[in-house]
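Quick notes on the structure that follows.
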Amino acid sequence: MSKTIGVLTSGGDAPGMNACIRAIVLSAARFGYQVIGFEHGYNGLLNNEKIRLSNLHVQHIIQLGGTILKSARCEAFLKPDGVKNAVANLNSNEIDALIVIGGDGSLRGLQKLSEIWSGQVIGIPGTIDNDLNGSDNTIGYQTAIDTALDSIDKIRDTADAFERIFLVEVMGRHAGFIALASAVASGAEQALFPETIEDPHAELESIVQHVECLRKIHGKTSIIMVITEHLWPGGVSDLAETLTHQIGIECRPCILGHIQRGGAPVAYDRILATKLGAYAVECIADQETAIMVGEHNNQPSRIKLVDAFGIQKSLDPYLVKIQQDLFDVVHSMQ
């Protein structure tokens with residue numbers, strides 16, 4: 001039975017989204033399905049900004065960052081009338097199934113749509129934050145780590161030259177996956193992320209003590225702290241100013257920001273995106289709906305859509321332990 005699949009990319013862009021779109025279009029062709037892409041996320045669905053995607057549209061895009069369908073956040077879709085308008089456009093375009101590539105908010109919107117639309121809905125985890133349950137990695141996460149790591153390595157060079165303390169803020173929204181991974185990989189002296197810090201201000205004394213311990217052991221040297229965005233009230237600049245006052249040593253803030261979302265996806269993200277795009281189409285052929293596809297232990301997996309964003313994903317406990325053990329070693333050397 002021939003079907004028409006709609007696809008859109010929503011929320012923050014993630015390296016590998018284009019690779020995923022490519023896999024969806026090529027896999028759909030194998031089943032004899034048509035694909036309609038909606039541009040600018042859910043806004044395009046509400047405004048009927050559509051394009052019929054063929055193999056030519058996705059030729060030579062696997063290596064490109066960003067998304068050829070563009071992306072956006074859509075406040076209108078959060079309102080009841082917005083969801084109803086989306087359903088009307090899906091029906092008028094005779095869409096049988098909708099695939100949404102995006103993060104937490106994008107999949108929440110897809111769940112709301114599934115509650116009033118009879119078509120199939122499939123979510124694909126496309127976010128650098130890696131905070132969706134049901135997949136070991138999300139599309140774009142590994143590239144974001146590499147981008148952050150490259151930046152931190154460069155910051156280390158200048159930090160060493162001036163024997164300074166740098167506070168590097170990475171993305172992650174409310175999850176510490178990027179902060180933890182990039183801190184361990186870069187040899188950062190400290191990592192601060194929300195999963196282990198309930199009250200940031202209560203940690204201030206511990207942060208100060210850690211810096212003082214490092215200075216006693218190694219003398220005047222560079223120190224790198226990696227911090228998840230939104231963790232410190234007032235931001236990383238406020239923390240840098242506070243530490244400068246407390247320690248008496250200049251602390252420089254460095255916010256990596258959206259640079260972590262850009263650039264060509266690394267091989268891992270291209271492969272993951274290809275797997276998940278193809279698997280999403282296979283799930284549509286199997287009549288699956290209201291699920292998110294992912295990868296667990298190198299195997300394609302599927303999880304209820306509500307569980308993807310409704311159950312908190314945990315950091316790798318052993319990686320957390322390693323980071324903490326290295327922190328403790330410094331204190332034991334006093």
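The values are calculated or read from the model by the stated rules, or taken from the named source; none is laboratory data. As the structure is a computational prediction, the values presented were derived from the model and not from experiment. To get the accessible areas, we keep the full protein, side chains included, count just its heavy atoms, and leave off ligands, DNA and RNA. Shrake-Rupley method; radii C 1.70, N 1.55, O 1.52, S 1.80 Å.
Data for the structure
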{"quantity": "Measure of compaction for the stretch 142-261 (Cα Rg per 2.2 N^0.38 Å)", "calculated": "0.97"}
{"quantity": "Under-5 Å amide H pairs with ARG252, H placed in peptide plane, nonlocal only", "calculated": "ILE165, PHE166, LEU167"}
{"quantity": "Per-residue SASA entry for ASP136, accessible area with 1.4 Å probe, Å² rounded to 10", "calculated": "70"}
{"quantity": "DSSP H segments from the chain that extend 27 Å or more along their own axis, Cα-based, with Kyte-Doolittle mean of 0.0 or above", "calculated": "267-285"}
{"quantity": "Percentage relative contact order, the chain, counting C-alpha pairs under 8 Å, at least six apart", "calculated": "23"}
{"quantity": "Choice from GLU169, GLU295, GLU198 with maximal GNM fluctuation in the chain (Cα, 10 Å cutoff)", "calculated": "GLU198"}
{"quantity": "Long-range tail of P(r) for the chain (Cα pairs > 38 Å, %)", "calculated": "24"}
{"quantity": "Rg/Rg_globular for the stretch 122-163, with Rg_globular taken as 2.2 N^0.38 Å and Rg from C-alpha atoms", "calculated": "1.64"}
{"quantity": "Where ILE178, ILE249 fall by accessible area, highest first, once all protein chains stay in place (1.4 Å)", "calculated": "ILE249, ILE178"}
{"quantity": "Probe 1.4 Å, protein heavy atoms only - accessible area per residue of the chain in square angstrom", "calculated": "44"}
{"quantity": "Carbon and sulfur %, accessible surface of the chain computed with the full protein complex present, 1.4 Å", "calculated": "50"}
